[in-house]
Each structure stands twice: as C-alpha cells, then as structure tokens.
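Encoded as structure tokens, the structure appears first; notes follow it.
The values are calculated or read from the model by the stated rules, or taken from the named source; none is laboratory data. On a predicted model such as this, the values are computed, not experimentally measured, just so you know. Here the Cβ is made from the backbone with ideal geometry for all residues, glycine too, and neighbour counts use every protein chain on show. Quick note on the areas: whole protein, heavy atoms, side chains included, nothing else; ligands and nucleic acids left out. Shrake-Rupley method; radii C 1.70, N 1.55, O 1.52, S 1.80 Å.
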Amino acid sequence: MLPRGRPRALGAAALLLLLLLLGFLLFGGDLGCERRKRGGRAGAPGCFPGPLMPRVPPDGRLRRAAALDGDPGAGPGDHNRSDCGPPPPRPSKCELLHVAIVCAGHNSSRDVITLVKSMLFYRKNPLHLHLVTDAVARNILEMLFHTWMVPAVRVSFYNADELKSQVSWIPNKHYSGLYGLMKLVLPSALPTELAHVIVLDTDVTFASDISELWALFAHFSDTQVIGLVENQSDWYLGNLWKNHRPWPALGRGFNTGVILLRLDRLRQAGWEQMWRLTARRELLTLPATSLADQDIFNAVIKEHPGLVQPLPCVWNVQLSDHTLAERCYSAASDLKVIHWNSPKKLQVKNKHVEFFRNFYLTFLEYDGNLLRRELFGCPSQPPPGAEQLQQALAQLNEEDPCFEFRQQQLTVHRVHVTFLPHEPPPPRPHDVTLVAQLSMDRLQMLEALCRHWPGPMSLALYLTDAEAQQFLRFIEASPVLAARQDVAYHVVYREGPLYPVNQLRNVALAQALTPYVFLSDIDFLPAYSLYDYLRASIEQLGLGSQRKAALVVPAFETLHYRFSFPHSKVELLALLDVGALYTFRYHEWPRGHAPTDYARWREAQAPYRVQWAADYEPYVVVPRDCPRYDPRFVGFGWNKVAHIVELDAQEYELLVLPEAFTIHLPHAPSLDISRFRSSPTYRDCLQALKDEFHQDLSRHHGAAALKYLPALQQPQSPARD
C-alpha cells in the first residue's frame, strides 16, 4: 500500500509523461521535415505532416519531390513524395463523396466489407457507393447494406454482366479476369450527371479520412482527368527478369488501386475511343495485359501524359512482391491507404508486413454495428425502414421487465448471405435443402452433419465479426467442409443479449433454393439415407400443388457423446430397446413429440397422419414457401411450437414418415435455457409473448384460433434446449 502523499507525486510524473507523449504525437511528424530543411539526403523518407498533402506553388501545379529511387531528377517518377506544406481545403462538411468499386463473387464481397469498414471508421462526409457487381456480389451486398442501415450512406448497383462485352475482347492474364478491366468503362457506366468519383480496388484499406483524398481533386489542372499514385515497384521498367516485357508506361508507371476520375472531362475528351485505340495498338505486339486495366491506363498516359495528376504515394502504399513502398513513409502516421496488391495478399513478404497485417485485421474483425454512426449536422435521407424502427424503439419502456425481449425483436441484424463460395444445386423438382441455425459453440457439428446429409444445406450462423473470421479459418482447415460447395453459410452478426433463434431460421429458410426444405436443428444428425428417402417420399405423396402437407421426421436422442449411429430403422429400434437411444425428450418434455406416436411408428410401413396437439414441435419437411417463423420468439421457448401452430392453422397435413429418423446429440445447455430455468421474469416474458402471438393468430384466422388457446395458457417446460 502506498504511503500518504505519494499519489500527488505520481500524478505529477504521469502528467509530465502524458505531456511528453502528446508533444511527440503533435510534433514528431515534423522532425523529418526539419531534418530535410537542414540538408537531409535526397530520397530520405518523405515528410507528410497534417493531412499528408503536397504544397501547391502559385502557378497551381503540383510541385515534384524526390522519386522512389532517390534521384531528385527522376522525371516522371519524381511526384511520389510531398514536401511539408499547408493542407488543401477539405470538402464541405456535408458534401457527398462518390466512390466506385468493381466487385464480383463471394470472396471479393468479403473484401469490400473490410474496405467499407475502414472508410466508415474515418469518414466525416456522406458517401455514395457505386458498386459494379455480378449477380452473386449484388445478392450479398444488397442484403448486407440493407440490414447494416448505416446513416448517410447511399448504395447504387450496376450490372457487371452488361459491361462484359465492352472489355471481353481484351486478353488478360491477371487473376481478376474480365472484372479487372471494368474500371476502363466507368465513365460510360456511371450516371452522366456524376462529375467526380474515387475508384478503389477491393483490396485497399483506409488509414485516414477519405475526404482528404477527395480534396486532391482541387489540384487538377484544366487538362488533368486522372489522379494516380506512382507504381511502387520496377515492374514497368522491364528489369525484373530476363525477357520481361511490360506494357508502355511513364517511368515506373502508375498503380490503379486508387484512382481519382474527373468523369465529365473524360467523357468530353473521348476517353472510350482513346483507351480502345491504345489497347488495340499495343495488343498487336503484346499477347495480353498482365495487370488488367492498369496496363491500359499506363499506355494511355504514356501517350497523353497531360491527362494524369500524380498523387502523393501515401494514398496508395502498395504491398506487392517487389514493392519499394517503404521509401514512401517514415512513420505509421504517414499512411493513408494501404493496398494489398500482391496475389499473396496477407502472406506477402514485406519489411513491415506484420504492422500492415495487424492494421488490416483490426478492420476485418471490427464490429460493424459500431459504425452505424450519424453524421451530426448533416441532414440526410435515413436508410429504408430506419424511421419506423426508431419510432418503435422510442415507444419501448426501459422499465418494462420484458424490455430486452421487445428490444431484441426490433433489432435489425446485419446479414451476410453466402459468406463462403457456394454453388447452387441444379434444379430438381423434389429436391430438399436442410435448414438450420447455429452459433460458434456448435461449429463442431458441421463435419458430422455433412457426412450424414449429402444434399444442399442453408445454415445461418450467429457470430461477431471476429468470430466470422474464426469460422472462415475453421472451414478452410477442414477437408470435409472445404469440399462442400452446396452448403450455403449465412452470417447474422451478433447484437443484443438474447439469441434471435427464429430470425436466424428465417434467414436460412429465405436463402434455400430447392422446392422443399427440411427444418432441422444443428444438434441433430439425420439418418444417412434420409436425403434420398425424403425426395422419394415427396414424389410418391404428391406434395406441392396436389397436397399441402408437412412431413414429420421422428426425433430421437442419445445421452452418449460416442455411439454407433444406426444405418436403418431396424438398427435404431434395437438401440431403442436396449436403452442406448430414447424418443426425443421422453423423460423431460414428452409433450413436444408425443403426437408423432412412436408406438405406431415402430410398426408403420406407410406414412400416417397425426393431429396437432398442444406444444407439438416436430422436425418437418415443407415447401420452401411455407410460413416463416415468428421472430418475436427470441431466446429460449416456443420458437418451433409457434411455427407448427401456424402450419396447422394454415391446414397443413402432418404426415409421419415410417423410415425417417433424426437423432439429437448431447451438448452443454445454452445460455438462454439457463436463464429460462433460473429466472421467473424470463418465463413471465415468454408467457407475454405467447399471449401476443395468440392475439395475432386470432386476427389472421378468426374463430379457428380458439383451438390453440389452451395450449398457450400452459406453462412451458424448462427441459428443452
């Protein structure tokens, strides 16, 4: 224990240390500048105080500084640094900044989200994102931005397939394929009223406010239409290996990972004809582009150097295999945009790669919910549904014991559908998708599930941003899971204290692509033959237009973590008879599955009909357009029961299949069931939700809903997890 009087001395020392650190942060960036003023060597690390902008002389042209190789007179390459000088004027506080990105496929869509996170983290202006996408990326990103509901962000989509014909004639060896050429056609693809746009590759990460980059448009002369950073390697010098023959470029050329485009001037200058003529001419002697659009941009600039406005290198710090980027910066505070432009991405070799990798991972795993920040003082159109949501939230009473239930019901979760590459199943008239939901603590079930169910699956995962990356690594490390392209994983990002079980089920159900779905839970393993048996049963029973039915798959359970899974009904009955298996929840909650009539199932040779009964919650196969789950049921209790009630109210037959079965595996109780068991308030809130459910049921189905009233008034068992 410290003696009296010491805290004051410690406080003074801490204050002095704080002042020293503050002084270093405020003035440390000017030390290099001062060193250069005193005669530092040419090519020393550049000084980029403040917003890292070059000084503009009275004639309005950007003053050139030392080139990457340290030669002060290096000609076209000497624009790569900036001297200390006053920052350019920022765009006005509420000026709308336009950003264009070309994105195709599942992996590129994930990259875009990390890029957007970094932009949103630093931005102070409204943004309008112009996304040129294929159908896959549009499906992903449209849902993501709709559910993200970020204030002061607009998103417009453009069909990349409609642009393919404009670039498909260009041979391209770059891994980006046709999509790597589409930045060439942006002046014609984007709206004609759009005059300025920042164009970004999906593999860049911001370390600064994008408005500082937008401010560089002010330095364009009357003839300059393209702003680019010099290429930070010797690629275009043609000396990387013997017989290396790159496309023509000025000096080291320019990198097109970050581009400022004056669209209005490009259109006036006849940009489309200009780049097409240049590309056709060069392709007479060159077999293909190696770096996609970048080669053609550089060839045009070589022929028309007055078109380009060189940008300070910190706005595109390139981490390629042969990068010279470290000559561009002297401190972390210098960095503005980091560009992972090597095919190796995070595995690229670089002197400071660990720092850059950690910086990238910060945004990769950053909670995107925290970026739903309003831009105070900038009135903007709210995202669709935001006003109604705010009104509903404002009506909640925080003193209500069930406040967290009602708040969770209103939560709009960010949804990233098809998080991993996915191949849709070929159309089959009786095909079935297994639908389920899970959280991080159930990932270990996936491999076994894939071995038992060879058909398509649609799985919703409730994860944080960081857990989503752990999940990605989990899949990549598993040969079983990595080989399954017919399993669609949909990430629903975690928010709120209660598990939104029915919202998760609805996400997975909505993304199923087959005519029928098997509504299961992740802790059940279906019979090995169930997939084929269900398809045959659907056809034989004439489901669909001929018959409105829900096929019941009888549920069993084992209390053993390891047991020999039965390959047939005969084997299952043998295990049942010796006590190695039980009908599901026979001991704790028989009401949940008793109407399946297991005694009859033992002898059944054909499907048989059963009647709905209170608390019945079987696992069923239904058409994909079946009623959705009621999202009001969050946490534990009545989430599946309410769905079966709705199916019965809509007059679905309940048909039990005689050869079908699924088996529940043991696991630790969930947090929500623990709360249900221990909290009377939790159980009271569940009863309140049941009462409201019946009121809505009565409004939709009238007097027919009276049959369900006794079931709604019975207490829920605390046994089911």
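Working out 0.36 nm times the residue gap between ASN107 and ARG428, then minus their Cα-Cα distance, what length gain in nm do you get to one decimal?
Details: separation 321, 0.36 × 321 = 115.56 nm, distance 2.76 nm.
So the extension gain works out to 112.8 nm.
What dipole magnitude, in Debye to the nearest 20, does the chain give about its Cα centre under +1 on Lys/Arg Cβ and -1 on Asp/Glu Cβ? Show your work: numbers first, answer last.
On the way: 73 positive and 73 negative charges, 434 e Å.
Once rounded to the nearest 20, the dipole reads 2080 debye.
With unit charges on the beta carbon (Lys/Arg positive, Asp/Glu negative), name the residue among PHE403, VAL491, HIS352 whose Cα is farthest towards the positive pole of the charge dipole of segment 346-493.
It is HIS352, whose Cα lies furthest towards the positive end.
Ignoring ligands, DNA and RNA, what percent of the 1.4 Å accessible area of segment 229-358 is carbon and sulfur? Don't jump to the answer; show the numbers that get you there.
Details: 2740 of 5200 Å².
Percent of accessible area from carbon and sulfur atoms in segment 229-358: 53.
Which Cα, out of LEU534, ALA580, THR558, lies furthest along the positive dipole direction of segment 528-633 (beta carbon charges, K/R +1, D/E -1)?
Comparing the listed Cα positions along the dipole, LEU534 ranks first.
Rank these by accessible area, largest first, 1.4 Å probe: ARG280, ARG591.
Result, largest first: ARG280, ARG591.
For CYS94, CYS378, give me the order by solvent-accessible area with a 1.4 Å probe, most accessible first, ignoring ligands, DNA and RNA.
On the way: CYS94 55, CYS378 15 Å².
Result, largest first: CYS94, CYS378.
By DSSP, what percent of the beta bridges with both residues in the chain are antiparallel, rounded to the nearest 5?
40 percent
Helix-only mean residue ellipticity at 222 nm, the chain, DSSP H runs n ≥ 4 weighted -39,500 (n - 2.57), per residue, nearest 500. What is it?
-9500 deg cm²/dmol
Can you tell me the order of 252-258, 617-623 when each peptide is scored by its average per-residue count of other Cβ atoms within 10 angstrom, highest first?
252-258, 617-623
Quick check for me: using +1 on Lys/Arg Cβ and -1 on Asp/Glu Cβ, what's the dipole size of segment 525-598 about its Cα centre, in debye to the nearest 20?
So the magnitude is around 240 debye.
Take the alpha-carbon centre of segment 442-506, take the same for segment 543-620, and report the distance between them in whole Å.
When both Cα centres are located, 26 Å separates them.
For MET143, MET457, write out the residues from largest to smallest accessible area, computed with a 1.4 angstrom probe and no ligands counted. Don't skip to the end; give the middle numbers.
On the way: MET143 65, MET457 5 Å².
Descending order: MET143, MET457.
Take every DSSP beta bridge whose two residues both sit in segment 223-367, then give the antiparallel share in percent to the nearest 5.
Bridges in segment 223-367 that DSSP calls antiparallel: roughly 40 percent.
Hey, rough spin-label estimate for ARG562 and HIS700, points 7 angstrom out along Cα→Cβ, what's it come to in nanometres?
4.6 nm
Once the dipole of segment 200-330 is set up with Lys and Arg at +1 and Asp and Glu at -1 on Cβ about the Cα centre, which of PRO287, PHE297, ILE226 lies farthest towards its positive end?
PRO287
Roughly how many debye, to the nearest 20, is the charge dipole of segment 517-565 about its Cα centre, given +1 on each Lys and Arg Cβ, -1 on each Asp and Glu Cβ, and no other charges?
Values: 4 positive and 5 negative charges, 35 e Å.
That gives segment 517-565 a dipole magnitude of about 160 debye.
How much accessible surface area, in Å² rounded to 10, belongs to the heavy atoms of ARG442 with a 1.4 Å probe?
Taking all protein chains as shown, ARG442 has close to 30 Å².
What's the center-to-center distance, using Cα atoms, between segment 337-363 and segment 114-172 in Å?
Measuring centre to centre over Cα atoms gives 23 Å.
How large, in percent, is the carbon and sulfur part of the accessible surface of segment 536-576 at a probe radius of 1.4 Å?
That fraction is 51 percent.
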